[in-house]
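What follows is a short report on a single structure.
The values are calculated or read from the model by the stated rules, or taken from the named source; none is laboratory data. Remember, it's a predicted structure, so these values are computed and weren't measured experimentally. Here the Cβ positions follow ideal geometry from the backbone for every residue, glycine too, while neighbour counts run over all protein chains shown. Accessible surface areas use protein heavy atoms only, side chains included; no ligands, DNA or RNA. Shrake-Rupley method; radii C 1.70, N 1.55, O 1.52, S 1.80 Å.
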Amino acid sequence: MYLQHFRLTETPFSLTPNTEFFFGLAPHVEAMQVLQTALQTGEGFIKVTGEVGTGKTLICRKLMNELPERFHCAYLPNPYLTPAELRWAVAMELGLKHSSQIDQQQLTGLIQQQLMALSAHGHSIILVLDEAQALPDDSLEALRLFTNLETESRKLLQVVLFAQPELDERLAMSKFRQLRQRITFSYCLRALTLDESAAYIQHRLKVAGSKGDELFTDVDAKRLAKAARGIPRLINILSHKALLVCFGEGASKISKQHVEAAIADTEDASLSRHLWLRRTLAAGVLISMVFAVLYWFKGGVV
Ligand SMILES: Nc1ncnc2c1ncn2[C@@H]1O[C@H](COP(=O)(O)OP(=O)(O)OP(=O)(O)O)[C@@H](O)[C@H]1O
Ligand SMILES: [Mg+2]
């Protein structure tokens, strides 16, 4: 691909949430601080929400990588699970080996014993759920019951939820008010500002081995970021495409045209006024042609 052309050592704008590329932007640093504080204070429920592609999974991975030794972490990356499946998954993550013959009550008992045993060995146990908006209602309730497990002095299990904003809409329902009240720490990831986005692009290029001259000018980076509405995943997609177009032309630096070609090729990117006008005009011409043909055809038939 273009790595050699731009003298890069790895792909700068991969979509994988790779913590090596983590850039300490204000929203992500604040989210990490909220998570770390909440975990230190032993809160039962902690929640981080954010629009699609804002960096939740990346933060989730970074948090787990950086947990102090005393934390024992159970991780559920895909919690589309019934309450029973959720209990089995938690049991497995806690290292329980058990027979599938036992019923749900016995399973809950075993989970509690295991939590007590881990706690007695000085561990704090956290259950991390990514994509928590996918949890069915019953499983959200089962989760709440898990955090009822506690010793005289502290919770046996802390739960960290990473979710898209749909979760907040569901939690606003009255049937979830008990759970809602238990979420004492939460953080909502916002989109990046234009300055943050431009710095983000330069950071990823640097981690990928770019040296010296900037591939993107500040103006082009901001043009791209505006179309991406400050969403990191969209910024990655657009930057990667701009690099591809630039490489295809054999150019050494990104130009305005490369960025606009990337935007035009990406459905989810908002168009610049210029491109929007071009597309609208094209759509208008197309619609007029369809009407003209229909009119002519109707006239011909009659
Ligand atoms: N602070 C950051 N530093 C470096 N890369 C980031 C940062 N924030 C987001 N990214 C990158 O943006 C992309 C999208 O991030 P991620 O997959 O974590 O989003 P998400 O919020 O989990 O999305 P979804 O809701 O679809 O699960 C990834 O490539 C990730 O590495
Ligand atoms: Mg994710």
Exercise. Can we say Ser99 is surrounded by fewer than 19 Cβ atoms within 10 Å (Cβ to Cβ) and away from ligand 2 (no atom under 16 Å from the Cβ)?
Worked result: yes
Report task. Would you be able to say whether some residue in segment 43-61 is over 30 Å from Glu214 (Cβ atoms), assigned to a loop (DSSP other than H, G, I, E, B) and either near ligand 1 (Cβ under 10 Å from one of its atoms) or not aromatic (Phe, Trp, Tyr) (or both)? Result -> yes
query: Does any residue of segment 201-220 turn out to be assigned by TED's automatic domain parsing to the domain that holds Ile59, open to solvent by 10 Å² or more (accessible area, probe 1.4 Å) and within 13 Å of ligand 1 (Cβ to nearest atom)?
result: no
Output for Cβ contacts, cut-off 7 Å, separation at least six or different chains, first residue assigned to a helix (DSSP H, G or I) in segment 224-235, second within 16 Å of ligand 2 (Cβ to nearest atom) and of a type in the set (Gly, Ala, Ser), reads Pro232/Gly53; Pro232/Gly55; Arg233/Gly53; Leu234/Gly53
Only one of Leu63, Leu81, Leu94 is under 26 Å from Arg233 (Cα atoms) and either in the same structural domain as Pro136 (by TED's automatic domain parsing) or open to solvent by less than 60 Å² (accessible area, probe 1.4 Å) (or both), namely Leu63
* **Glu10 of a type in the set (D, E, K, R), away from ligand 2 (no atom under 16 Å from the Cβ) and at pLDDT 95 or above** => yes
* Just a yes or no: is a residue in segment 123-134 more than 16 Å from ligand 2 (Cβ to nearest atom), over 26 Å from Arg170 (Cβ atoms) and open to solvent by less than 50 Å² (accessible area, probe 1.4 Å)? -> yes
With criteria (1) buried (at least 17 other Cβ atoms within 10 Å of the Cβ); (2) of a type outside the set (Gly, Ala, Ser); (3) within 19 Å of the chain's Cα centre (by Cα); (4) outside any loop (DSSP other than H, G, I, E, B), Leu179 comes up short on (3)
Exactly one of Leu149, Leu161, Leu145 is open to solvent by less than 10 Å² (accessible area, probe 1.4 Å) and assigned by TED's automatic domain parsing to the domain that holds Ala31, and that one is Leu161
When segment 221-245 is checked residue by residue, the ones that are open to solvent by 20 Å² or more (accessible area, probe 1.4 Å), touching a helix residue (DSSP H, G or I) at 6+ places or on another chain (Cβ under 7 Å), closer than 21 Å to Gly55 by Cβ and not charged (D, E, K, R) are none
Flagged in segment 23-39 as within 15 Å of the chain's Cα centre (by Cα) and not in a helix (DSSP H, G or I), in numbering order, are Phe23, Leu25
Subset of segment 29-81, residues away from ligand 2 (no atom under 13 Å from the Cβ) and within 21 Å of Leu205 (Cα to Cα), comes to Val29
Among residues of segment 113-147 being part of a loop (DSSP other than H, G, I, E, B) and either hydroxyl-bearing (Ser, Thr, Tyr) or over 20 Å from Pro79 (Cα atoms) (or both), the residue modelled with the lowest pLDDT is Thr147
(1) open to solvent by 60 Å² or more (accessible area, probe 1.4 Å); (2) closer than 26 Å to His72 by Cα all hold for Thr193 apart from (2)
Over segment 42-87, the set of residues more than 17 Å from the chain's Cα centre (by Cα) and in contact (Cβ under 8 Å) with a residue 60 or more places away in the chain is Gly42, Glu43, Gly44, Phe45
